[in-house]
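The structure appears right after this line, and notes come after that.
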Amino acid sequence: MTPDQPAARQPDHPVDPQFPARWSPRSFTGRELAETEVMALLEAARWAPSASNQQPWRLVWARRGEAEFAVMRDALTGNNPVWAGRAGALVVVASKDTVPTREGAEVANRTAGFDTGAAWMSLALQARAMGLFAHAMGGFDRDGLAAAVALPRGHTIHCVVAVGEQGPADALPEDLRARETPSARKPVAEIAMHGRF
Ligand SMILES: Cc1cc2nc3c(=O)[nH]c(=O)nc-3n(C[C@H](O)[C@H](O)[C@H](O)COP(=O)(O)O)c2cc1C
């Protein structure tokens, strides 16, 4: 057992502790992130790998206290605006849908979502390395958020990431408090096959 790690988060095989140590809490202290902290998170995302090094990810950020933060928060749906409003920053994770051909035409980038997923994970792991937590949200009003961030044509929003300093679970509304615990995972044998499905 790794100390400080709940049973649900114990790996089946030896792994770098940064992986099970990353999780998605909802309680944030409300401390606004410094711009230097946001830049460190974006820098981590920047170094993600991508097909043909196209770097399709596009990240729109705002720090708590800025007007843009409130606009992003208001485009979240369900419970998300309640807890994410206490994050130190919000990052809208989008991607450019196309890549240029040698002839200058734009064709669909089939790996844009895959590559952008790698960038978000880099950001999340950098957050943990800085003593912060990142929590992705797919629950947002697609049109409302696109308008809020002036999403250009040919781009897709994948999620909004709340980043900040973790707060106490008992600061959350009761329904969310009960869910404020790191989740388990399927065993490796269920998600990985030797040789073929
Ligand atoms: C693309 C994506 C969308 C998500 N959407 C939401 C969301 O709208 N609201 C929420 O509270 N959590 C959301 N989550 C968080 C997941 O529920 C969480 O990552 C998952 O349960 C695994 O838990 P962990 O991140 O703590 O390991 C989302 C995560 C991802 C990657």
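The values are calculated or read from the model by the stated rules, or taken from the named source; none is laboratory data. Since we're looking at a predicted model, the values are computed, not measured. Virtual Cβ from ideal backbone geometry, glycine too; neighbours counted across all protein chains shown. Please note that ligands, DNA and RNA were not included when accessible areas were found on the heavy atoms of the full protein model with its side chains. Shrake-Rupley method; radii C 1.70, N 1.55, O 1.52, S 1.80 Å.
For the stretch 1-14, which residues satisfy the criterion of being within 17 Å of Phe133 (Cα to Cα) and open to solvent by less than 80 Å² (accessible area, probe 1.4 Å)?
Of the residues in the stretch 1-14, the ones within 17 Å of Phe133 (Cα to Cα) are 4-6, 9.
Hits for the stretch 1-14 are Gln5, Pro6, Arg9.
Name every residue in the stretch 104-134 that is touching a Gly at 6+ places or on another chain (Cβ under 9 Å) and not charged (D, E, K, R), in order of residue number.
Across the stretch 104-134, the qualifying residues are Ala127, Leu132, Phe133, Ala134.
Just name the residue that is most open to solvent (accessible area, probe 1.4 Å) out of those in the stretch 138-188 that are under 11 Å from Ala94 (Cα atoms) and more than 14 Å from the ligand (Cβ to nearest atom).
Among them, the one singled out is Pro152.
List pairs: first in the stretch 80-95 and open to solvent by 10 Å² or more (accessible area, probe 1.4 Å), second near the ligand (Cβ under 10 Å from one of its atoms), Cβ under 6 Å, 6+ apart or cross-chain?
Asn80/Met137; Asn80/Gly139
Filter the stretch 103-137 for residues that are among the polar types (S, T, N, Q) and either under 14 Å from Phe19 (Cα atoms) or within 13 Å of the ligand (Cβ to nearest atom) (or both) and give the result.
Passing the criteria: Thr116, Ser122, Gln126.
Pairs only if they're at least six apart or on different chains, beta carbon under 6 angstrom, first in the stretch 39-68 and assigned to a strand (DSSP E or B), second of a type outside the set (Val, Ile, Thr) and open to solvent by 70 Å² or more (accessible area, probe 1.4 Å); list them, first residue then second.
Matching pairs, first to second residue: Ala62/Glu68; Arg63/Glu32.
Restricting to the stretch 47-90, count the residues that are within 14 Å of Leu123 (Cα to Cα) and more than 13 Å from the ligand (Cβ to nearest atom).
So the count comes out to 9.
Given Pro25, Pro17, Pro100, which one is open to solvent by 40 Å² or more (accessible area, probe 1.4 Å) and either within 17 Å of Leu125 (Cα to Cα) or within 16 Å of the ligand (Cβ to nearest atom) (or both)?
When all the criteria are applied, what remains is Pro17.
What is the residue count in the stretch 65-79 for residues that are farther than 25 Å from Ala178 by Cβ and crowded, with 19+ Cβ neighbours inside 10 Å?
Residues meeting the conditions: 3.
Restricting the search to the stretch 45-65, which residues are of a type in the set (Gly, Ala, Ser), under 15 Å from the mean Cα position of the chain (by Cα) and within 29 Å of Val107 (Cβ to Cβ)? I'd like the intermediate steps shown before the answer.
Initial filter on the stretch 45-65 (of a type in the set (Gly, Ala, Ser)): 45, 48, 50-52, 62, 65.
Those still in the list that are under 15 Å from the mean Cα position of the chain (by Cα) too: 45, 48, 62.
If the condition is that a residue be of a type in the set (Gly, Ala, Ser), under 15 Å from the mean Cα position of the chain (by Cα) and within 29 Å of Val107 (Cβ to Cβ), then Ala45, Ala48 are the ones that fit.
Step by step: first the residues of the stretch 103-124, then only those that are polar (S, T, N, Q) and open to solvent by 10 Å² or more (accessible area, probe 1.4 Å), then the one that is farthest from Gln55 (Cα to Cα). Which residue is that?
Taking the candidates together, the pick is Ser122.
Out of the stretch 14-38, which residues are within 17 Å of the chain's Cα centre (by Cα) and part of a helix (DSSP H, G or I)?
Across the stretch 14-38, the qualifying residues are Gln18, Phe19, Pro20, Ala21, Glu37, Val38.
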